[in-house]
Every structure is written in C-alpha cells, then in structure tokens.
Amino acid sequence: MTTQAAPLISGLDHVQIEAPAGCEAEARAFFGGFLGLPELTKPAVLAARGGAWFGLPDGRQLHNGVTPNFVPRDKGHLALRCPDLNAILEQAGRFGIAYVPDAELAPIRRIFLRDPWGNRLEILEER
C-alpha cells in the first residue's frame, strides 16, 4: 500500500486579468463600481506597472495587469460566484453592462459578459 503525499498546492491566491495601459479608471468603475469589489493597495514596487487590484469576499484577489500589445481573451476567462444572479442582472442594467444568459449548465444559472477591455467574464449563481 502506498501513502499519498500531501498536496504541493494549498489553494488559489489570486487571478490576473490582462488589460491595456491606462486601464485603472475603467477597472475601478467595473470591478469596484459595478461588481462592488474593494480596491486593494498594490505594493509600492509593483504600483508603477499600472493596473489595479481588488479583493474578493473569500480573501482571494483579482488583479488587473497592464500588458503590452493587449489582446482581449475570448475563451479563457474568469468565473465569479454570486449569491443572487438577479441582483447582478439589475446592477448590469443600472451600469449599462451587456450580458448573455446561458442555460447549458442548468439548473446552475450563469451569464457571460465582457470587462471594459473585451475579456470574457462568467458569473454563476451559487446554489
């Protein structure tokens, strides 16, 4: 009988979404204003690179990182959970954010939308 070693990875710390230079105001409006995520202070050594960081309710982080020759991500995407998808839909209406409902994983409710730079984003309702 073999003994399984402890996992080398203990969890997810953060995700980074690529964005074009000068993205900070749009990041704050979308991730802070629309999604209601608190902005985090970037370490001084990284602040000069641009971008913005946001906190997620579970302690993980979402980073917007400036990348040269930015191209939006169409397939690879971030998937966020929410307790009430209807509240997200109402907020999207208030902010003028377009979304596409998706029923492929029914009964799980989810939508797809785009961040300010065209990156694909998924929001799923928690069961």
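The values are calculated or read from the model by the stated rules, or taken from the named source; none is laboratory data. Every value quoted in this text rests on a predicted model; they were computed, and no experiment measured them. Backbone-built Cβ (ideal geometry, glycine too); neighbour counts: all protein chains shown.
So which of Leu56, Leu85 is under 18 Å from Ile17 (Cα atoms) and surrounded by 15 or more Cβ atoms within 10 Å (Cβ to Cβ)?
On inspection, the qualifying residue turns out to be Leu56.
Restricting to region 23-40, and then to whatever is in a loop (DSSP other than H, G, I, E, B) and touching a strand residue (DSSP E or B) at 6+ places or on another chain (Cβ under 8 Å), can you tell me which residue is farthest from Leu89 (Cα to Cα)? Looking at residues that are in a loop (DSSP other than H, G, I, E, B) and touching a strand residue (DSSP E or B) at 6+ places or on another chain (Cβ under 8 Å), I get Cys23.
Which residues, counting only those in region 91-116, are outside any strand (DSSP E or B) and over 23 Å from Asp58 (Cα atoms)? Steps first, please.
Filtering region 91-116 down to residues outside any strand (DSSP E or B) leaves 91-98, 103-109, 115-116.
Selection gives Gly93, Arg94, Phe95, Gly96, Ile97, Ala98, Ala103, Glu104, Leu105, Ala106, Pro107, Pro116.
For Thr3, the test of being of a type in the set (Ser, Thr, Tyr) and either crowded, with 16+ Cβ neighbours inside 10 Å or within 17 Å of the chain's Cα centre (by Cα) (or both) is failed. In region 88-103, the residues that are surrounded by fewer than 12 Cβ atoms within 10 Å (Cβ to Cβ) reach residues that are aliphatic (A, V, I, L, M) and modelled with pLDDT of 95 or more with C-beta atoms within less than 8 angstrom, at least six apart or across chains, in these pairs: Ala98/Ala92; Ala98/Leu113; Val100/Ile111; Val100/Leu113; Pro101/Ile111. Within region 44-74, the set of residues being in contact (Cβ under 8 Å) with a residue 24 or more places away in the chain and among the polar types (S, T, N, Q) comprises Gln61, Asn64, Thr67. Considering only residues in region 1-22 that are in a strand (DSSP E or B) and among the β-branched types (Val, Ile, Thr), the one that is nearest to Pro116 (Cα to Cα) turns out to be Ile17.
When Leu12 is tested against (1) touching a residue at least 40 places away in the same chain (Cβ under 8 Å); (2) more than 23 Å from Glu126 (Cβ to Cβ), just one condition goes unmet, and that condition is (2).
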